[in-house]
Amino acid sequence: MRHLMLATLLSTIVPATMAHASPDARADTGPLALDQVHLVDVEQARTSPPRCVRIEHGRLARIDDAGDPACLRAARRIDLGGRYLLPGLVDMHAHHTLGPPEIVGEGADMVVQALPDDAIAAHNARRLVAFGVTTIRNPGGDLAAAARYRDALARGALTGPEAFDAGPVINNAELPGLAVAVHDAHEMARVVEAQVEAGADWIKLYTGLSPALLQAGIDAAHRHGRPAVAHLDGVAWPDALAMGLDGIVHLMPLSPDLLDAPQRAAWQASSRGATWSFFEWWEHFDPDGPGGDALVAAFERHRPVFDATLVAFHAALVQDDPDNPYRTDARELAPARLLASWNGGFTFAMGWEPGDFVRARAIWPKVQRMAVRLHATGARMTVGTDMGNPWVAPGISLHREMQLLAEAGVPAPQVLLAATRNGAEALGAGTRLGRIAEGYEADLLVLDANPLDDITHTRGIHAVVLDGRYLDRATLDRFTGE
């Protein structure tokens, strides 16, 4: 069961359909001028007067007043009619190398595995782009599959977002394709070194590690010049950040140390563990109490990279409604193998009774309040979805995550900043991604309406520019299969 829940807290995607040249591959067709477009400045929370943005060789060559002859000279001009230009979106939590969890073997030989699926990766890559996601971080998956994905992008065999990858999560239990087990500091050092040699951009540490092994993992990652990110519950976030942890994922702290003595005793007396903790712990936690204050203080002091992945948990809270929007998203956009797994019962709400859904929805305002408090800190807040996990469909889920943050009370400019510049900087790519500025890579999103006015306007996508290639609405519709 422990292995099954580990798989439930991660999963998804990468490439075999990538072996041959794809019709998505496009040659550089010369300079491109995006004219009559308002630039969305997420850092200053304002838009510019109409501008002309010239793109050459995949980069922003110059930004001028609309109609400027120097911008238009010998370029393919696209009149955007006063639309809005936003940097491409960054999903900081997209497991893009794994297929669905499967049980293989029998009896004592039975294991749960979650192996790479290149066809799923190709499916998801195009749909991510169709929703304006031009960069992703995969915080846990097979590095050979990640390398195949990167190679497919480089060869032009696939259209998809640039990916930054961690290897299999490092835990106290093995799960083929997803998690590797370590039992002492020497083993931790060997695993981290092997992942770095295999191309890991990040090191992902997991909930089953003791404080000593968590520290060993952080130290090993830093020795190799890699940031360490963790999914934690037993070790309290303030303690982990004091160890030097660079990033935390999921707004599910779930640590007994963040509850006072009476709260902790009440929770432990009735807790069923597993995903019931997603709401049972929150029933006892006060986001404005000492535990919430401790989280805010730790975020202010250590400034971790953080993605809340609200969408993954909110999707579980409404699964008793057969017509909820996450099911619709999945039917339209999710890979068939993953959809079959979720329809087969593999979800975060596995085993929940009707009353559990009522209790889960009752704690949601607390989750929202904690999200607002953390987003008001100086931490490096980003946006992630846990894509590939139950009912989290590619592309659309990032827009749902942004909407959930906005509904919680995070101002739209802060949400957009987290989804663009902050994500790029957290990935170490802030000098080339995440801004609309001369010299930056041309990963852009053309919107019909101003997203600073309403975060849901990010869904009104007129076109996407990926590596300088202009993908019009018809192309994006083809990517989603509509």
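A few remarks follow.
- Residue satisfying condition, being among the hydrophobic types (A, V, I, L, M, F, W, C), within 19 Å of His399 (Cβ to Cβ), surrounded by 13 or more Cβ atoms within 10 Å (Cβ to Cβ) and in contact with a strand residue (DSSP E or B) (Cβ under 6 Å, 6 or more places away or on another chain), within set Ala312, Ala330, Ala316, Ala334: Ala312
- Lone unmet requirement of (1) crowded, with 19+ Cβ neighbours inside 10 Å; (2) out of contact with any Lys or Arg (no Cβ under 9 Å at 6 or more places or on another chain); (3) outside any loop (DSSP other than H, G, I, E, B) for Ile170: (2)
- Restricting Val196, Val296, Val305 to residues that are at pLDDT 95 or above and buried (at least 21 other Cβ atoms within 10 Å of the Cβ) narrows the list to Val305.
- Qualifying helices (runs of 4 or more DSSP H) (wholly inside region 261-333; at least 1 residues being of a type in the set (Lys, Arg), out of contact with any Lys or Arg (no Cβ under 6 Å at 6 or more places or on another chain) and within 30 Å of Leu476 (Cβ to Cβ)): 325-333
- Among the candidates Ala269, Ala216, Ala220, Ala212, residue that is over 24 Å from Met387 (Cβ atoms), open to solvent by less than 10 Å² (accessible area, probe 1.4 Å) and hydrophobic (A, V, I, L, M, F, W, C): Ala220
- Of the listed requirements (1) touching a residue at least 40 places away in the same chain (Cβ under 8 Å); (2) within 20 Å of Asp246 (Cα to Cα); (3) touching a Leu at 6+ places or on another chain (Cβ under 6 Å), Ile218 misses just one: (1).
The values are calculated or read from the model by the stated rules, or taken from the named source; none is laboratory data. All values derive from a computational prediction rather than experimental measurement. Note: ideal-geometry Cβ built from the backbone for every residue, glycine included; neighbour counts use all protein chains shown. Areas reflect the complete protein model, heavy atoms only, side chains present, ligands, DNA and RNA absent. Shrake-Rupley method; radii C 1.70, N 1.55, O 1.52, S 1.80 Å.
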